[in-house]
Amino acid sequence: MKTGDLVKVIKNDMSLVIKKPGPKNNKFFNQIGTIIKEAPYKYRLYRWFEVHFPSGVYETREDAVEIISAAR
């Protein structure tokens with residue numbers, strides 16, 4: 001996964017897809033978003049990404065989304 005990839009949420013889990021900023025919600029499900037950048041977390045088991053969905057910007061864990069179309 002890298003910046004510009006189109007992704008879709010495959011796990012409807014609000015602890016893996018977190019709205020940034022704001023309260024948790026599940027308005028991200030069944031939407032397609034674009035990866036903005038990789039979150040700067042170090043020493044974690046999974047990578048986290050900032051993804052722009054039509055409902056806002058969310059931080060998502062890499063195993064909660066799947067790539068639909070890779071950026072060139």
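List, in order, the whole-Hz ³J(HN,Hα) value for each residue of region 58-72 obtained from phi through the Karplus relation with A = 6.51, B = -1.76, C = 1.60 and θ = phi - 60°; use x for Gly and Pro.
Values, residue by residue: 10, 9, 10, 7, 4, 8, 8, 10, 10, 7, 8, 9, 7, 6, 8 Hz.
Report, in debye and to the nearest 20, how large the dipole of the chain comes out about its Cα centre when Lys and Arg carry +1 and Asp and Glu carry -1 on their Cβ.
Using only the charged Cβ atoms, the result is roughly 140 debye.
Would you mind estimating how fast the chain diffuses translationally, via Stokes-Einstein at 20 °C and 1.002 mPa s with the Kirkwood radius over Cα pairs, in µm²/s?
Roughly 180 µm²/s, to the nearest whole number.
Starting from the Cα-Cα distance between Ser55 and Lys11, subtract it from 0.36 nm times their residue separation and give me the gain in nm to one decimal.
14.2 nm
Tally Lys/Arg at +1 and Asp/Glu at -1 over every other residue whose Cβ is under 9 Å from the Cβ of Ile67; what's the total?
Around Ile67, the surrounding residues sum to -1.
Using θ = phi - 60° and the Karplus relation 6.51 cos²θ - 1.76 cosθ + 1.60, list the HN-Hα couplings for region 34-48 in order, rounded to whole Hz, with x at every Gly or Pro.
Result, ordered by residue: 10, 6, 8, 6, 7, 5, x, 7, 10, 6, 10, 6, 10, 7, 10 Hz.
Under the definition of Cα pairs under 8 Å and six or more residues apart, what whole-number percent is the relative contact order of the chain?
Computed over the chain, the figure is 43 percent.
Here, each number is a calculation from the coordinates, and none is a lab measurement. This one's a predicted model, so the numbers in the text were calculated from it and none came from an experiment. A quick note on method: Cβ atoms are made from the backbone with ideal geometry, for glycine too, and the neighbour counts reach across all protein chains shown.
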